[in-house]
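See below for the structure under consideration.
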Amino acid sequence: MLAVRLSDELEKKLQKYAKKSNQTKTDVVKEALNLLFKMQEEQKETPYQLGEELFGKYSSNKQNLSTTYKSRLKEKLSEKYNLNR
């Protein structure tokens, strides 16, 4: 058995949902926990791992943009203002 303290707002939302879905508050909480655990089991990779191959590489096909930005900026400014440094 488990007892949980809820804020007044969360308690009202739970009560409203339980009434709307014709369930007890206990059943709603059980269902929500089961859904949470199922989602966590299915998501084995972190959000970063899921998108890692997409980060920063497709717009320019250059994979080192974040590490060479200072030299590229210096080059662009030199070209713009005809500086030879």
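The values are calculated or read from the model by the stated rules, or taken from the named source; none is laboratory data. As the structure is a computational prediction, the values presented were derived from the model and not from experiment. Cβ coordinates were reconstructed from backbone atoms using ideal geometry, including for glycine residues, and neighbour counts include every protein chain displayed.
Observations on the structure shown:
- Enumeration of residues in segment 71-84 that are at pLDDT 85 or above and more than 30 Å from E52 (Cβ to Cβ): L77, S78, E79, K80, Y81
- Residue that is farthest from the chain's Cα centre (by Cα) [pool: residues in segment 1-29 that are assigned to a loop (DSSP other than H, G, I, E, B) and among the aliphatic types (A, V, I, L, M)]: M1
- There is no residue in segment 58-70 that is loosely packed, with under 10 Cβ neighbours inside 10 Å, assigned to a loop (DSSP other than H, G, I, E, B), at pLDDT 90 or above and small (G, A, S).
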